[in-house]
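Enquirer: Take this structure first; my questions come after.
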Amino acid sequence: RIHRLNEVGFEWECQKFQSWEKYYKELMSFVREFGHARVPSKFPRNPSLGRWVKTQRQSYKRHLKDDSSSSMIVDRILLLKKIGFEWEGFNRPCD
């Protein structure tokens, strides 16, 4: 069965999780460059990272309310906390 799935190009990795990891790596690069994880929601150099950070904050708030629409999981919360992610938004330019 696995061979047949491979033959038709079955994707074994969840695209959504890969996307989360991609942005997490971009956030880690941001932290290395700026020394903090306060990405503005309108970050000119990487607008999609700013939107992703905003989405993580929103998802976290829904998670705290036990909202089933939240995609936030404990593992992600721990990873974000590990790099100093701030759960409240900032809209000022980066230092």
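No value in this document is a laboratory result; all are computed from the given coordinates. As the structure is a computational prediction, the values presented were derived from the model and not from experiment. Note that we place each Cβ from the backbone using ideal geometry, even for glycine, and neighbour counts take in every protein chain shown.
Enquirer: Go through the stretch 63-76 and count every residue that is within 12 Å of Trp20 (Cβ to Cβ) and either without any contact (Cβ under 8 Å) to a residue 40 or more places away in the chain or exposed (fewer than 11 other Cβ atoms within 10 Å of the Cβ) (or both).
Expert: Of the residues in the stretch 63-76, 3 are within 12 Å of Trp20 (Cβ to Cβ) and either without any contact (Cβ under 8 Å) to a residue 40 or more places away in the chain or exposed (fewer than 11 other Cβ atoms within 10 Å of the Cβ) (or both).
Enquirer: Quick one: how many residues across the stretch 37-62 are over 17 Å from Trp20 (Cα atoms) and not in a helix (DSSP H, G or I)?
Expert: The total comes to 6.
Enquirer: Something else about it: Look at the stretch 39-67 and say how many of its residues are more than 12 Å from the chain's Cα centre (by Cα) and not hydroxyl-bearing (Ser, Thr, Tyr).
Expert: Number of matching residues: 14.
Enquirer: If you don't mind, another one. I'd like the full set of residues that are in a helix (DSSP H, G or I) and not charged (D, E, K, R), limited to the stretch 63-86.
Expert: His63, Leu64, Val74, Ile77, Leu78, Leu79, Leu80
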